[in-house]
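Notes for the one structure printed next.
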Amino acid sequence: MRRASVSGIVLILSFFAAPAVQAQSRSVPTFEVDRSWPKVPPQWKLGDASSAAIDAKDNVWVLHRPRTLKPEDKSKAAPPVVVFDTAGTYVKAWGGAGNGYEWPEREHGIHIDNKGFVWISGNNCPTNGLAGLKAVADDQILKFTQDGKFVMQIGHSNQNKGNADTKNVHRAADMWFLAQTNELFVADGYGNHRVIVFDADSGAFKRMWGAFGNKPVDNDHCEVVTPKTFSDPGPDQFSIVHAIRVPKDGTVYVADREYRRVQMFTKEGKFVKQIVRTDVPFARDLALSPDANQQFLYVGGGNEIFILDRKTLEIIGSTKPAGILGAGHHITVDSKGNLYIMQTTAGLQKLTFKGMAPAKTE
């Protein structure tokens, strides 16, 4: 037992090794599918798993869509927020309609900030024609305690007035909190095509920007429009702003999903650079490695997770372990380096961090 414990410590320490050493050897994280994760209580079923977040104890907060369950399973629907520990054991669950707030009609994004608050967004469109959903737009973001107590709502259902609107979002996909500025960065999203930033305490608007730092332009439609041909640098507006990550240094990374590109900005919204992959469906989702410098950016593409040097946006490897569900709808990483994939219609999955190895693109 003592030998196994020391081995585990060495694996974790190697992940947090100095960036200069890792860059020299071009080593990247490796993973293995944990086929036992999670252990859903037998009385419940999960709908489409849309997003996940990690709390300070490394618990995994799964946001799923109970309304997507088959009619015969709806009586077993778990609450929309279900929490598991790293071993996959059920911790607690809550969420859904309540007094004082408007729960999203179609759950999409979840994030836990450094203060422990839980943020939730939705992406329902009034004319999407999905069975069992009300004809409203999810134009709000909700903030809760970890016990499910409502704290604040930014925006209101069905109230967005376009990309110039500073009060409402429009089918927002994802959120990320930056502790240094106490700001919530929002990938907004499916209806709007922008990054919008709010004060995390008051919900007050701070700033917004579109692709390349341009002024975002209205182009609202329910259907997902995927081009048949792709180019680099691509259009001057975002498609679906599907994921956003802001590491501790304040750099902002945006997954522009249908245009297959990740754009990099300063926290003020100044465009820095981008990476485009025209050969595979790229920029499905984003995650940051948990080492001190957050040196790797994980980007879902094709049926694998690409591993990028976060500063240069160079692809230095990928991971595609046996049994992987795919590139994910949203992905997240815990403090030990384990990666979690939410694959909507295909389920959810944990990829266990197995140490560092010489990089190779699969």
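Quick look at the numbers
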| item | result |
| --- | --- |
| Matching option when the condition is modelled with pLDDT of 95 or more and either of a type in the set (A, V, I, L, M) or touching a helix residue (DSSP H, G or I) at 6+ places or on another chain (Cβ under 7 Å) (or both), among Lys320, Lys336 | Lys336 |
| Filter result (aromatic (Phe, Trp, Tyr), part of a strand (DSSP E or B) and buried (at least 16 other Cβ atoms within 10 Å of the Cβ)) within the stretch 200-249 | Trp209 |
| Yes/no for Leu325 being surrounded by fewer than 23 Cβ atoms within 10 Å (Cβ to Cβ) and touching a Pro at 6+ places or on another chain (Cβ under 6 Å) | no |
| Hits in the stretch 344-362 (condition: surrounded by fewer than 21 Cβ atoms within 10 Å (Cβ to Cβ) and within 20 Å of Gly109 (Cα to Cα)) | Thr344, Thr345, Ala346, Gly347 |
| First in the stretch 157-169 and at pLDDT 95 or above, second anywhere and surrounded by fewer than 20 Cβ atoms within 10 Å (Cβ to Cβ), Cβ under 6 Å, 6 or more apart | Ser157/Glu102; Ser157/Val136; Asn158/Val136; Gly162/Asp218; Asn163/Asp218; Thr166/Phe205; Asn168/Gln159 |
| Long-range neighbours under 8 Å by Cβ, at least six apart or interchain, first residue in contact (Cβ under 8 Å) with a residue 40 or more places away in the chain and more than 15 Å from Lys215 (Cβ to Cβ) within the stretch 234-245, second basic (Lys, Arg) and part of a strand (DSSP E or B) | Gly234/Arg261 |
| Criterion: of a type in the set (Phe, Trp, Tyr), over 15 Å from the mean Cα position of the chain (by Cα) and closer than 25 Å to Ser50 by Cβ - qualifying residue of Phe230, Phe212, Phe238 | Phe238 |
| Those residues of the stretch 259-316 which are acidic (Asp, Glu) and assigned to a strand (DSSP E or B), in sequence order | Glu304, Asp309 |
| Answer residue from the stretch 219-256, given it is of a type outside the set (Asp, Glu) and in contact with a Ser or Thr (Cβ under 6 Å, 6 or more places away or on another chain) and is nearest to Asn163 (Cα to Cα) among those | Cys222 |
| Meets criteria (modelled with pLDDT under 95 and either exposed (fewer than 14 other Cβ atoms within 10 Å of the Cβ) or in contact with a Lys or Arg (Cβ under 7 Å, 6 or more places away or on another chain) (or both)) for Gly88 | no |
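The values are calculated or read from the model by the stated rules, or taken from the named source; none is laboratory data. Keep in mind the model is a prediction, meaning the values are calculated, not measured. Neighbour counts run over all protein chains shown; Cβ positions are idealised from the backbone, glycine included.
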